[in-house]
Amino acid sequence: MRSRWKYTAVTVIAFGWIVLSIFAPYQFQMYRDSQILGKPHLQDHPVDETEEELPVLTILDKLKLLSSEKITGVSTGNQYSGESILTQCSSELQELFHRGVLTADPSGAQWEQRTGSAALVMSSYDDSRAMILWTVVLSSDNGYLKCGIDDETGRILYLYTADYNGDKETLTSDKVLAFAGYLGVESGENTGMAALAATFMEILEPRDSILKDYPYVFQQGESAVLYYAAETEYGFYLGHDVTEMVYP
């Protein structure tokens, strides 16, 4: 009886050694792999260098981007489509009306054509600073409105309006300050400096022309940008910093 138990014990121990000899090296190798997996790569390319996040842009940063010439057309934005941007534009124009930037209620305008197109705008000096800008144009025989809308915030960054019925929007300092408030930036009185009216010609509707322009300083924190308010023959233009434009 005792010899039978001794034989069984020896058999179990032998079987255990066989199983251990088969699976132990495999498990040991898996453990080693789990410890060193990815380490050679991470030593050459630390995580904090390979997973850099794009900088967060303020409204003022985006106003500065408007003067960049690095622009590429895209089919749609991240937040808006070609149809939804027109709805957003109507909502923002209504907001500008309530703030006193526009004196005529935009909901009463009869536009024959309404278009919206998106573009990727990148800094001429730093490709990591970029935004998607929608250009919305509302037009008819009697009027014209063009604005640039930030795809991320839905805010209008620049605005141009012209009315050929004799009911033009007049430009006042209060309107400029109200527009600064709408953008969430601070603004002082105009700088008194003269700007080149020719810099606005590509933005204006062909029948319109610049009469006077007034550069303002828009500020947000320690950053500042020149922002132009221009009176035109049939309306006004609230534009961006044209002093930093890059020419070929």
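The values are calculated or read from the model by the stated rules, or taken from the named source; none is laboratory data. Bear in mind that the values here come from a model prediction, so they are computed numbers and not experimental data. Positions of Cβ are generated from backbone atoms using ideal geometry, with glycine treated the same way; all protein chains shown enter the neighbour counts. For the accessible areas, the whole protein counts, side chains as well, though only heavy atoms, and no ligand, DNA or RNA atoms are used. Shrake-Rupley method; radii C 1.70, N 1.55, O 1.52, S 1.80 Å.
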- For R155, the residues 5 or more places away or on another chain with a placed amide H closer than 5 Å to its own amide H are D150
- Which pairs, out of K70/K212; K146/K175; K175/K212; K62/K175, put more than 27 Å between their alpha-carbon atoms? K70/K212
- Task: Within segment 134-151, which residues have the backbone N less than 19 Å from the label spot 7 Å out from S84 along Cα→beta-carbon, could you tell me?
- Result: 134-137, 148-151
- Task: Starting from the amide H of T232, placed 1.01 Å from N in the peptide plane, find each other amide H under 5 Å away whose residue is 5 or more places distant or on another chain.
- Result: L211, Y237
- Once the piece of chain linking T58 and S209 is laid out straight, how much longer is it, given 0.36 nm per residue of separation minus the C-alpha distance between them? 51.2 nm
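Can you give the Kirkwood hydrodynamic radius for segment 128-174, in Å, rounded to one decimal and based on Cα pairs?
Working: mean 1/r = 0.0809 Å⁻¹.
When all Cα pairs of segment 128-174 are included, the Kirkwood radius is 12.4 Å.
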- Protection-proxy order for peptides 225-238, 61-74, each taking the mean of Cβ atoms within 10 Å per residue, highest first: 225-238, 61-74
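Ordering D151, D105, D141 by how much accessible area each has at a 1.4 Å probe, largest first, what is the list?
Details: D151 5, D105 65, D141 110 Å².
The ranking, largest first, comes out as D141, D105, D151.
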- So, how do all the Cα-to-Cα distances of segment 66-179 break down into 10 Å bins, in percent, from 0 on up? 13, 43, 31, 12, 1
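With a 1.4 Å probe and all protein chains left in place, how much accessible area per residue does segment 60-193 have, in Å²?
Working: 6300 Å² over 134 residues.
Dividing the accessible area of segment 60-193 by its residue count gives 47 Å².
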